[in-house]
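Student: This is the structure I want to talk about, given as C-alpha cells.
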Amino acid sequence: MSLFQFWRRKPTATVARDRLQILLAHERSSFGSSDLVARLQEEIIAVIRRHMEIDPDKVQIKLDRGNHVSTLEIDIEVPLSERAKVA
Amino acid sequence: MSKVLVVTSGKGGVGKTTSTAAIGAALAQSGEKVVVVDFDVGLRNLDLVMGAERRVVFDLINVIQGDAKLHQALIRDKRIETLSILPASQTRDKDALTTDGVAKVIAELREKFDWVICDSPAGIERGPAMAMHHADIAIVVTNPEVSSVRDSDRIIGLLDSKTERAMRGERVEKHLLITRYDPARAARGDMLKVEDVLDILSIPLLGIIPESQEVLKASNIGVPVTLNNPETAPARAYQDAVRRLRGETVPMSIPQERRSFVERLFGRRVA
C-alpha cells in the first residue's frame, strides 16, 4: 500500500458507523416485516404466474440497499412458448 | 413507588449480567431495597456473578409453578442487607415462563422492593420478551461494535411495541449503557465513538463503562464489580450510572484507572 493510500484510508469506525446508518434505516422502515424481500418476491412471482408458467429456479432476485435509493432487481426467464401465447 | 427495570441488549456477551449485578449492588448500597431477577432460564449465571451459586434452593420457575413461595426462592445477599437475588431455573425449559406466572411474581416483587431489576437473556424470543414485558425502565447494554448496535436497535423497537407499557400506549423509559469502551481505540478511529452509537440509537446515555480487567477479576470471585473494588474505573462508571438512574445530574465522563505513585513511577501497573 502506498503512503498516499494510507493517508486516504477511512478509519474503520467511520466505515462501521456509515454501514450501520444505512442498514438500520432500512431495518426500521421494514420493522416487523424483516422478510420484506422474501414477501415481495413471493407476491411478484404470484402475479406473474397468473399470466404465465414460470420456473421458480429461473428467477433471480438481487437487492442493493443504498443510502438514498435501494434497488430490487427481479430477473425472470420467460419461456418462449408463453411469449408466443401472449403474442 | 417501585420500579421494574430490565437490563437487555439483544446480543449476548455484551455485559448484561455484569451490569445487572453492578447496578443492583450499587443501588442497594445507596439504601434502596433491590431484587435482581435472572430470566435466563436454562443458562442462569446471575447467581454465579453475584457469588450466590451455592445458596440456590428454589428459583423463579418454582415460584411460577407454585412449588415454592417467593420468600423461599429469594436469596438475601450476604454483603448488602437490602439486596436479594431471584435465580433462574437451570434445568427447566424457558416455556415454563408463562405470561400470567411472570406477571404475578413481578407484582409480588413490586410490593417488597423499590427496584426489581430483570436480567434479560440474549435474543428476542420468549425469555427476553418476558424479561422486558413489565418494565418501566430499560437499560440497553451496547458494545461499540456493529453487531451489538444493530441488535440494540432491534431491542429498542421491541421495547416500543411489545411491552405492557407500549401496549397501553405509554413509553418505557430507555437508557443506553455503553460497555467495554476503549477511549484510546475510539480516538484512533478503530472503535465506534460514543457519539456515533448515540447518534444511531438515539436514546439517552446512562453511562460509559470502560473496558477493564477489573470486570473479569470481580466475576472470578463472585462479587459485583461495584462492591469488589469501588475505586476502579468500571466501578466508578457504574456508580455514576446509578446516580443518574436515581435522578441525579452527574457530568458524563469515562473514568480512568487510578494509578498509584509507584505504578506511575514505573510507567506500568504493578500486579
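Quick note: the coordinates plus some simple rules give every number you see, no bench work behind them. Every value quoted in this text rests on a predicted model; they were computed, and no experiment measured them. Here Cβ is always computed from backbone atoms with ideal geometry, including for glycine, and neighbour counts include all displayed protein chains.
Student: Can you compute the radius of gyration and Dmax for the protein assembly as shown, using only the Cα atoms, both in Å?
Tutor: 24.8, 90
Student: Specify which residue in the list B:Val250, B:Ala107, A:Val69 is farthest towards the positive end of the charge dipole of the protein assembly as shown, using unit charges on the beta carbon of Lys, Arg (+1) and Asp, Glu (-1), about the Cα centre.
Tutor: Value computed over the given set: B:Val250.
Student: Between B:Ala187 and A:Ile61, take the C-beta separation as r, use R0 = 35 Å, and let me know the FRET efficiency to the nearest 0.05.
Tutor: 0.25
Student: While we're looking at this one, here's another question. Among A:Val15, B:Leu46, B:Val262, which residue has its Cα furthest toward the positive end of the charge dipole of the protein assembly as shown, with +1 on Lys/Arg Cβ and -1 on Asp/Glu Cβ?
Tutor: B:Val262
Student: Turning to a different aspect of this structure: Please compute the volume of the convex hull spanned by the alpha-carbon atoms of chain B and report it per residue in Å³.
Tutor: So the per-residue Cα hull volume is 130 Å³.
Student: I've got another one for you. What are the ³J(HN,Hα) couplings of region B:240-249, residue after residue, when phi is run through the Karplus curve with 6.51, -1.76, 1.60 and θ = phi - 60°? Round to Hz, x for glycine and proline.
Tutor: 4, 4, 5, 5, 5, 4, 7, x, 6, 9
Student: Considering only DSSP states other than H, G, I, E and B, which trypsin sites (Lys or Arg not before Pro) in region B:30-75 qualify as loop sites with at most 13 other Cβ atoms within 10 Å?
Tutor: Those satisfying the criteria are B:Lys69.
Student: Sticking with this one: Taking amide H positions as placed 1.01 Å from N in the peptide plane, with prolines and chain starts having none, which residues 5 or more places from A:Ile54, or on another chain, fall under 5 Å of its amide H?
Tutor: Long-range HN contacts for A:Ile54: none found.
Student: Given Cα positions, please report Rg to Rh for region B:37-138, the hydrodynamic radius being the Kirkwood one.
Tutor: 0.92
Student: Between B:Arg259 and A:Glu53, with labels modelled 7 Å along Cα→Cβ, what's the label distance in nm to one decimal, could you check?
Tutor: Computed distance between label sites B:Arg259 and A:Glu53 equals 7.8 nm.
Student: Right, another one. For region B:77-184, state which trypsin sites (Lys or Arg not before Pro) are in a DSSP loop and have at most 11 other beta carbons lying within 10 Å of their beta carbon.
Tutor: B:Lys78, B:Arg168
Student: List the GluC sites (Glu not before Pro) within region B:144-205 that fall in a DSSP loop (any state other than H, G, I, E or B) and whose Cβ has at most 14 other Cβ atoms within 10 Å.
Tutor: The qualifying sites are B:Glu170.
Student: Another question, then. Would you mind working out the magnitude of the charge dipole of chain B relative to its Cα centre, with +1 at each Lys and Arg C-beta and -1 at each Asp and Glu C-beta, to the nearest 20 Debye?
Tutor: With only Lys, Arg, Asp and Glu charged at Cβ, the dipole is about 520 debye.
Student: If you rank B:Val41, B:Val146 by fewest surrounding Cβ atoms within 10 Å, what's the result?
Tutor: Result, fewest neighbours first: B:Val146, B:Val41.
Student: Run the numbers for B:Glu170 and B:Arg54: contour at 0.36 nm per residue of separation, minus the present Cα-Cα distance, in nm.
Tutor: Length gained, B:Glu170 through B:Arg54: 37.7 nm.
Student: Sticking with this structure for a sec: If you average the alpha carbon positions of region B:149-223 and of region B:53-85, how far apart do those two centres end up, in angstrom?
Tutor: A separation of 28 Å, based on Cα centres.
Student: Compute the long axis of helix B:99-112 from its Cα atoms, compare it with the longest principal axis of the Cα atoms of chain B, and write down the angle in degrees, 0 to 90, nearest 10.
Tutor: The answer is roughly 70 degrees.
Student: Further question on the same structure: What is the fewest-to-most order of B:Val7, B:Val215 by other Cβ atoms lying within 10 Å of their Cβ?
Tutor: Ascending Cβ contact count within 10 Å gives the list B:Val215, B:Val7.
Student: Another question, then. Please list B:200-206, A:57-63 highest first by mean number of surrounding beta-carbon atoms within 10 Å per residue.
Tutor: Per-residue Cβ counts within 10 Å, averaged per peptide and sorted highest first, yield B:200-206, A:57-63.
Student: Also: What does the charge dipole of the protein assembly as shown about its Cα centre add up to, to the nearest 20 debye, if the Cβ of each Lys and Arg holds +1 and the Cβ of each Asp and Glu holds -1?
Tutor: My answer is approximately 1020 debye.
Student: Name the long-range amide H neighbours of B:Leu205: under 5 Å, sequence gap of 5 or more, or other chain; modelled H, no Pro or chain starts.
Tutor: B:Leu176
Student: For B:Gln213 and B:Met252, what does the FRET efficiency come to when R0 = 25 Å and r is the distance between their Cβ atoms, rounded to the nearest 0.05?
Tutor: So the FRET efficiency works out to roughly 0.60.
Student: For B:Cys118, which sequence-distant residues (separation of 5 or more, or a different chain) have an amide H within less than 5 Å of its own amide H, given hydrogens modelled in the peptide plane?
Tutor: Excluding prolines and chain starts, which carry no amide H, the hits are B:Leu5, B:Val6, B:Val7, B:Val37.
Student: Grab every C-alpha pair in region B:168-271, bin the distances at 5 angstrom width from 0 up to the longest one, and report whole percents.
Tutor: 2, 11, 17, 20, 20, 14, 8, 4, 2, 0, 0, 0
Student: With every atom except the alpha carbons ignored, what do you get for Rg and Dmax of region B:150-228, in angstroms?
Tutor: Taking only Cα atoms of region B:150-228, I get Rg and Dmax of 15.8, 45 Å.
Student: Pull up the cross-link candidates among the lysines for A:Lys10, meaning alpha carbon to alpha carbon under 17 Å and not fewer than 8 places away within one chain.
Tutor: Those lysines meeting the cut-off are B:Lys193.
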